[in-house]
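Structure record follows, encoded as structure tokens.
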Amino acid sequence: GRRKGVLVARLLMARWLVGSHAYGVANHKSDRDYVSVWLETQEQVMGLDRVRTSQYTSPEYDETHYPFREWVRLVGQGNPNMVETLFLRPDYVAPWWAPQSRAALHTALLSSQALKRFAGYGCSQIAALEGRRNKKTNRPEVIAQYGWD
């Protein structure tokens, strides 16, 4: 839930560091990217209060807050950015959200749809590396160091 633009901490289920810092490829200009999942209130589940994904951006970090049901939907569809959260160690887990519950989600949520989504994502990343897509870059120092961005 949100109150005056702030995520209510008591509803936070989990938070993951994602992106370049999660994979050890960050440089001195890289900000930290987080994904967090929060549990909706009864009013939100019943449709009495509006629920939406929200973002916070600063020079140091970006965080996207997903309502639990939206996160489940995206993982179930095989969204690569959401599926990765199933395989990353969270930097915060609510005490009441037991590790057994998280483990059960792997089996319950992963579907054959993920294969097609990941294959498409992988092909688009290869095309970008080969310069067939996204020829513009905002990190010329990365290209200078590695030969690609």
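Bear in mind that the values in this text are calculations on the coordinates, not laboratory data. Just so it is clear, the model here is predicted, and its values are computed rather than measured. Heads up, the Cβs are rebuilt from the backbone with ideal geometry, glycines too, and the neighbour counts pull from every protein chain shown.
Here's the picture: a label point sits 7 Å out from the Cα of residue 111 along the beta-carbon direction, and within the stretch 58-92 the residues with their amide nitrogen under 13 Å of it are 72-79. A Cβ-based charge dipole, computed about the Cα centre of the stretch 32-143 with Lys and Arg at +1 and Asp and Glu at -1, lands at about 560 debye. Over the stretch 24-147, the fraction of Cα-Cα pairs per 5 Å bin, rounded to whole percents and listed from the shortest bin up, is 2, 8, 14, 16, 19, 18, 11, 6, 4, 1, 0.
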